[in-house]
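The values are calculated or read from the model by the stated rules, or taken from the named source; none is laboratory data. Values in this document were obtained by computation on a predicted structure and should not be read as measured data. Every residue, glycine as well, gets a Cβ built from its backbone with ideal geometry; the counts of neighbours run over all protein chains shown. The area values use the complete protein model at the heavy-atom level, side chains included, leaving out ligands, DNA and RNA. Shrake-Rupley method; radii C 1.70, N 1.55, O 1.52, S 1.80 Å.
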Amino acid sequence: MTLRYGAVLQAVASLRGPVADEIAPTHRDVAYRAQALRGIPPNADVYVPAHPTGASAILVHGGAFVIGSRRMKPTRLLASRLCAAGIAVCTIDYRLIFRGGRLTEAVADVRAAVAFWHAHAPTLGLDPDAVTLVGSSAGATLAYLAASAEPGRIARVACCFGLYELDHLRGPLATLLPRLLFRTGDRATWHARSPAGGAHPAAPTLLLHGDDDGLVPVDQARKLAARREALGLPTRLVIYPGAPHGFFNQPGPAADAGMQELIAHAGVVA
């Protein structure tokens, strides 16, 4: 898999700009772990709808494991849309490369946030058994890995244009990423620690991807869906023709349809 560098510039450019009909967090700077370790603080923003359904979602932002935050445009956009649909949202920060962590630390942060939210959700009148873990891009990688390790706390998983096979990266810039994440150049290790090579969450999983994704080929989503289906795990794969990486940031049919998929998936209350 070789990056299309024009797609990188397009994805970065889409991170800028306002969010239409943005909803402000109900609670800001909530610590999801008592102890702040070296690097990015373990903080979250919480969105509580005016008329909650009882369902909630934890959002894990993207940014190639190097940049991004819970307050970046794509995360605020998804949080606002889900909250408007009655789904409470917890958006989190996690340690990034060069800012306190590699893959191990990032996954540990997501797991800590899941444990916090599972315990905290009932205090807001939410169902702790109706929590969906949602990740975008690099956040989808982390969400899938964290959900595999937290089977009792996550009811559903949603992964949007995620990177599931880090061993398939090619080129000097692209292969620098797994070397930094895993602290090794061994491709067997890259595969074993990628979502496609490890354990798979048993929770119903939604995979959203565009077939014009210049950062992560759509085949990664197709192969992950096929592997899950072969294991008998509940999976829904939706591919949007002509949609690029990060298609939620660009108004259009893919963004609208993808948002409805997310709302339907995350809004389920037992």
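Rounded to a whole number, what % of the accessible area of the chain do carbon and sulfur atoms account for, probe 1.4 Å?
Percent of accessible area from carbon and sulfur atoms in the chain: 57.
Hey, what angle do you get for helix 138-149 against the long axis of the chain, alpha-carbon based, 0 to 90 degrees rounded to 10?
70
Which ³J(HN,Hα) values, rounded to whole Hz and listed in residue order, are derived for segment 91-106 from phi using the Karplus coefficients 6.51, -1.76 and 1.60 in 6.51 cos²θ - 1.76 cosθ + 1.60 with θ = phi - 60°, glycine and proline given as x?
So the Karplus estimates, Gly and Pro as x, are 9, 10, 9, 8, 5, 10, 4, 6, 9, x, x, 10, 4, 4, 5, 5 Hz.
Rounded, prolate or oblate, given the Cα gyration tensor of segment 215-270, with a/c below 1.5 counting as rounded?
oblate
What chymotrypsin sites (Phe, Trp or Tyr not before Pro) does segment 85-175 have in DSSP loop regions with at most 15 other beta carbons within 10 Å?
Of the chymotrypsin sites (Phe, Trp or Tyr not before Pro), the ones in loops of segment 85-175 whose Cβ has at most 15 other Cβ atoms within 10 Å are F98.
Give me the number: length gained by fully extending H27 to K223, i.e. 0.36 nm times residue separation minus the C-alpha to C-alpha distance, one decimal in nm.
The span from H27 to K223 would gain 66.7 nm if fully extended.
With a 1.4 Å probe and all protein chains left in place, how much accessible area per residue does segment 12-148 have, in Å²?
So segment 12-148 comes to 37 Å² accessible per residue, rounded to a whole number.
Would you mind counting up the charge near A155? Only other residues with Cβ under 15 Å from its Cβ, with Lys and Arg at +1 and Asp and Glu at -1.
Neighbour charge sum, excluding A155 itself: 0.
Would you kindly state how much longer the chain becomes between T175 and A36 on full extension, computed as 0.36 nm times their sequence separation minus their alpha carbon distance, in nm to one decimal?
Result: 47.0 nm gained on full extension.
Specify whether the C-alpha gyration tensor of segment 158-201 places it in the rounded, prolate or oblate class, a ≥ b ≥ c being the square roots of the eigenvalues: rounded for a/c under 1.5, otherwise prolate if a/b is larger than b/c and oblate if not.
oblate
Binning every alpha carbon pair distance of segment 131-207 at 10 Å from zero, what are the percents per bin?
In order of increasing distance, the bins hold 21, 49, 24, 6 percent.
Can you give the net charge of the other residues whose Cβ lies under 12 Å from the Cβ of A243, counting K and R as +1 and D and E as -1?
Around A243, the surrounding residues sum to -4.
Over the chain, with a single point scatterer placed on each C-alpha, what log10 of the ratio I(q)/I(0) does the Debye formula yield at q = 0.09, 0.14, 0.17 1/Å?
Per q value, in the given order, log10 I(q)/I(0) is -0.35, -0.91, -1.43.
Let me see the P(r) profile for segment 4-140: every Cα-Cα distance counted, bins of 5 Å, each bin given as a percent of all pairs.
Per 5 Å bin, starting at 0, the Cα pair percentages come out as 2, 10, 21, 23, 20, 13, 8, 2, 1, 0.
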